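We did not get these values from a lab; they are worked out from the coordinates using the rules stated. Since we're looking at a predicted model, the values are computed, not measured. When we count neighbours, we look across all protein chains shown, and the Cβ atoms used for this are built from the backbone with ideal geometry, even at glycine.
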Amino acid sequence: MAFKRRICGAVAAVFLFAGAGAAWQPAGQTVGPSGNPLPRFVAMSASKANMRTGPGRQYPIRWVYGRRGMPLEIIDENGAWRKVRDHEGETGWMLVSLLYGNRSVMIRGKTRNLYADPDLQANVLLTAEPGVIGEIERCEGLWCEVTIDGTSAWIERRHVWGVYATEDLD
């Protein structure tokens, strides 16, 4: 069986996100076997990770990811394995040791401005291409404050993937 490879590297700006990763709010979170809520967002802790077709090493590799910090959504759990969804809607299983609870977001759609304050009239501090990953500092209402390359700035929530539509984060 031929395996497809997806390398989410530094040239992530070539991704086309038209319609991908639309904000999705869980209808009702449940608690998984780990005691954590499902679904939930996490980030990839490894610089390379295999997504498999099932919860075990005996299952074929579906995708290979190469981008530490990439946001993923956990949608199911099975022992040491987590079923995840990526920003393009692809699903598969990863070992929990490849993931961590720190939250990140990925810029989606097109090149986006990030502002000094949560206001479109504020000074633009950064401009980020689609695929750029930032660490979430907080999300309030329609805005999220993220850090990219050491600079903290605000972006409209609808322009990132990795946070739910009505989720407030501190």
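Stretching residue 142 away from residue 78 to a fully extended chain increases their span by 19.7 nm, per 0.36 nm per residue minus the current alpha-carbon distance. Along the Cα-to-C-beta direction of residue 116, a point sits 7 Å from the Cα; which residues of the stretch 132-170 have their amide N less than 13 Å from that point? Answer for this model: 153-154. Our estimate of slack between residue 169 and residue 34, defined as 0.36 nm per intervening residue step minus the Cα-Cα distance, is 46.5 nm. Across the stretch 89-100, rounded Karplus estimates of 3J(HN,Hα) from the backbone phi angles (6.51 cos²θ - 1.76 cosθ + 1.60, θ = phi - 60°) give x, 6, 10, x, 10, 10, 5, 4, 5, 8, 10, 9 Hz, Gly and Pro being marked x.
Close amide-amide hydrogen proximity is noted between residue 45 and 69, 99, 100, each under 5 Å apart and 5 or more residues distant or on a separate chain (H modeled in the peptide plane; Pro and chain starts excluded).
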